Amino acid sequence: MSEYVCHYLTDAVHSARAVYHADELPQAMAMHNAALPEYRSKVLKWVGPTGITFLMHDSTMTLNKGPENYGTIWVCQDCMLHDANGECGGCHEGHDEEPLSAIGDGFHVAMGLAWDEHAEDCHNRAEREWRGECDCETNTFSTSQCEGCGSYLHGERHAMTLFRN
Ligand SMILES: [Zn+2]
Ligand SMILES: [Zn+2]
Ligand SMILES: [Zn+2]
């Protein structure tokens, strides 16, 4: 028996967690769908014994960013560099986790945030056009798990936007 934590959206911006004890993820998913049927299509991610096991941003969240945009994820330096350059400084020593391996089939990512996700007072958000560097898309130090690969290594996190293919 393992612990699976379901993170699901309760309205446009708030999420909640539910914990299920199951042998594997499909069983935990079935328990969630039976227990909270109204949230079965609002699942953001599942975190199991090995970290993030499933990542899904649902369009019905109505985040007001167009039909294709599934939300923001925060990724580590390695994931960001692999997306930008196809490699990173850690390639030769071996990665902690395979970069961007937590992005599910049927989804792709792009660097940066949707304009509406920038800070209220950000010049780029105000113009809805790139006007130069801002701090919105970088978190200089985070201890949270990377949402691109599942790594727990502390450090910088960069914003990426998740899209359905
Ligand atoms: Zn690498
Ligand atoms: Zn900004
Ligand atoms: Zn990563």
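A short reminder: the numbers here are calculations on the coordinates, not readings from a lab. Owing to the predicted nature of the structure, the values given are computational and were not obtained by experimental measurement. Here the Cβ is made from the backbone with ideal geometry for all residues, glycine too, and neighbour counts use every protein chain on show.
Run the simple label-point estimate for ASN165 and THR140 please: 7 Å along Cα→C-beta, distance reported in nm.
For the pair ASN165/THR140, the computed spacing is 3.9 nm.
Please report the projected area of the chain's Cα convex hull averaged over all directions, in nm².
Quarter of the Cα hull surface area: 10.5 nm².
Filter the GluC sites (Glu not before Pro) in the range 70-165 down to the DSSP loop ones having no more than 11 other Cβ atoms within 10 Å, then list what survives.
Numbers: sites: GLU87, GLU93, GLU97, GLU117, GLU120, GLU127, GLU129, GLU133, GLU137, GLU147, GLU156; in loops: GLU87, GLU93, GLU97, GLU120, GLU129, GLU133, GLU137, GLU147.
Loop-located and lightly packed - GLU93, GLU120, GLU129, GLU133.
Just tell me the longest site-free run in the chain, where the sites are trypsin sites (Lys or Arg not before Pro) in a DSSP loop having at most 13 other beta-carbon atoms within 10 Å. Could you put the intermediate results ahead of the total?
Working: sites that count: ARG128, ARG131.
Between the exposed loop sites, the longest stretch runs 1-127.
At 7 Å along the Cα-to-beta-carbon direction for both ASP105 and ALA34, put a label point, then send me their distance in nm to one decimal.
2.6 nm
Using label points projected 7 Å from each Cα along Cα→Cβ, tell me how many nm separate VAL19 and HIS7, to one decimal.
Modelled inter-label distance: 1.7 nm.
Starting from the amide H of LYS45, placed 1.01 Å from N in the peptide plane, find each other amide H under 5 Å away whose residue is 5 or more places distant or on another chain.
For LYS45, the qualifying residues are HIS7, MET56.
Please give the helix 25-35 orientation as an angle from the longest Cα principal axis of the chain, in degrees from 0 to 90, rounded to the nearest 10.
For helix 25-35, the angle is close to 80 degrees.
Restrict the search to the range 65-150; then list the chymotrypsin sites (Phe, Trp or Tyr not before Pro) that DSSP places in a loop and that have at most 16 other Cβ atoms within 10 Å of their Cβ. Mind dumping the intermediate values first?
Numbers: sites: TYR70, TRP74, PHE107, TRP115, TRP130, PHE141; in loops: TRP130.
Answer by residue number: TRP130.
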